[in-house]
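See below for the structure under consideration.
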Amino acid sequence: MIAAESASGLFYGVQTMRQLVRLHGRRLPQLVIRDAPALAERGVLLDVCRSKVPTLATLKEVVEKLSFFKVNQLQLHNEHAYHFPRHPAIGAEGARLTNEDILELDAHCRRHHIELVPNLQSFGHMMHILTLPAYRHLAESPLCWSLAPTVEEGYRLLDELYADFLPAFSSSQFNVNCDETWDLGAGCSATHMEKVGPGRLYLGHILRVRELAARFGRRIQMWADVVLKHPEIIAELPADITLIYWCY
């Protein structure tokens with residue numbers, strides 16, 4: 001017998017039963033299992049924008065495998081491999097996911113008790129966009145790696161990308177990434193950085209991105225690598241921002 005207090009709990013109880021069958025075949029041991037998650041969010045991040053872009057069928061298979069192991073959050077790391085209707089030139093040189101793909105994948109995730117969290121680079125890692133002639137003037141430096149936080153048009157670009165991207169997801173969270181801004185302060189924003197310092201220059205962009213995401217009903221997640229280098233700004237981060245930490 002499987003008993004649970006929620007639909008998710010019942011689903012995970014079935015996965016436990018499947019795992020037992022996988023281990024023991026048709027002759028199951030007599031036992032009692034009392035199970036509860038140690039972590040409320042158990043996520044996997046899959047890069048879909050460098051090298052091969054997975055097909056929708058492959059992504060659905062990934063979801064099914066993750067749900068078997070009781071993973072309940074999936075993010076598709078994306079920089080440019082998406083069809084943005086307002087900016088169709090972005091990612092046009094290769095395979096891209098579409099709104100229709102995400103709508104179908106999001107529904108598939110919900111059936112398997114997985115939250116599909118939108119993920120889109122919003123500061124560094126934007127080379128595939130910023131090297132396009134139409135967007136080069138939005139780059140911080142000739143490296144075309146980071147968006148220049150002192151060029152207002154860059155925020156209009158992000159607003160339009162979010163408007164194309166976010167409605168396909170049912171999650172209330174949004175990973176804006178904003179990691180590894182290697183060239184920040186090395187070009188357009190150099191003068192402003194001299195006035196406010198690198199930490200506050202970075203913080204200003206995060207607050208703008210948070211405001212943009214809130215317009216679409218999203219709370220942001222972001223990588224913590226830059227913030228940890230400037231601990232003086234941590235106290236000024238709004239409490240609704242989730243910092244994600246990894247070790248290099």
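So here's what we get for this one:
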| item | result |
| --- | --- |
| In the range 1-52, residue nearest to Asn78 (Cα to Cα) [restricted to those that are in a loop (DSSP other than H, G, I, E, B), touching a helix residue (DSSP H, G or I) at 6+ places or on another chain (Cβ under 7 Å) and of a type outside the set (Gly, Ala, Ser)] | Asp35 |
| Residue check, Pro142 part of a loop (DSSP other than H, G, I, E, B) and open to solvent by 60 Å² or more (accessible area, probe 1.4 Å) | yes |
| Close pairs from the range 147-161: first without any contact (Cβ under 8 Å) to a residue 60 or more places away in the chain, partner basic (Lys, Arg), Cβ under 7 Å, at least 6 apart | Tyr155/Arg208 |
| Qualifying residues in the range 208-228 (those that are open to solvent by 60 Å² or more (accessible area, probe 1.4 Å) and touching a residue at least 24 places away in the same chain (Cβ under 8 Å)) - the one nearest to the chain's Cα centre (by Cα) | Arg219 |
| Among (1) under 27 Å from Glu41 (Cα atoms); (2) open to solvent by 10 Å² or more (accessible area, probe 1.4 Å) - the single one Pro198 does not satisfy | (1) |
| Verdict on Gly91 being open to solvent by less than 40 Å² (accessible area, probe 1.4 Å) and either in a loop (DSSP other than H, G, I, E, B) or within 18 Å of Met126 (Cα to Cα) (or both) | yes |
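The values are calculated or read from the model by the stated rules, or taken from the named source; none is laboratory data. These figures come from a predicted structure and were not determined experimentally. Glycine gets a Cβ as well: all are built from the backbone with ideal geometry, and neighbour counts include every protein chain shown. Note: accessible area is taken over every heavy atom of the protein model, side chains too, but ligands, DNA and RNA are not part of it. Shrake-Rupley method; radii C 1.70, N 1.55, O 1.52, S 1.80 Å.
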